[in-house]
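Only the coordinates and a few stated rules stand behind these numbers; no lab work does. Here the structure is a predicted model, which is why all the values come from computation and not from measurement. Backbone-built Cβ (ideal geometry, glycine too); neighbour counts: all protein chains shown.
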Amino acid sequence: AAAPVDSYVAPVPGEMPGYDCDVIMAAGDFIQGSSIELSADGPIRPPYTIYFQGGLTWPHAKLGILSSVQRLYEKGLAKLPNNDTDAVR
């Protein structure tokens, strides 16, 4: 985890008003609910979309994205393209 706060914590799905399924909300921020700090949330149902928001600067957000993808890849939960034919366009 790359967050300054609670980087050792594993998010747990839970009920949230306005959603028809459990949701994971993750933020390693200093101020709960801060919209400028890096956070991600998503419903626990296919297609398992993650809504990523915040970031103090583009490099900060990019580091969060790349760290997340790397963790998913290392755990075998994501595939990375290995040539131009696999690349997402």
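A few comments on the model shown:
- Against the chain, whose longest principal axis is taken from its Cα atoms, helix 58-74 shows a tilt of about 70°.
- Length available on full extension from residue 36 to residue 52: 0.36 nm per residue minus the Cα-Cα distance, which gives 4.6 nm.
- Simple label model, 7 Å out from Cα along Cβ direction - residue 70 to residue 15, nm: 3.9 nm
- Most fluctuating residue given options 61, 78, 26, as computed from a GNM of the chain linking Cα atoms under 10 Å: 78
- Compared with the alpha-carbon gap, the fully stretched path from residue 22 to residue 45 is longer by 7.5 nm at 0.36 nm per residue.
- When every Cα-Cα distance of the chain is counted in 10 angstrom steps from zero, the calculated P(r) takes the values 15, 43, 33, 9, 0 percent.
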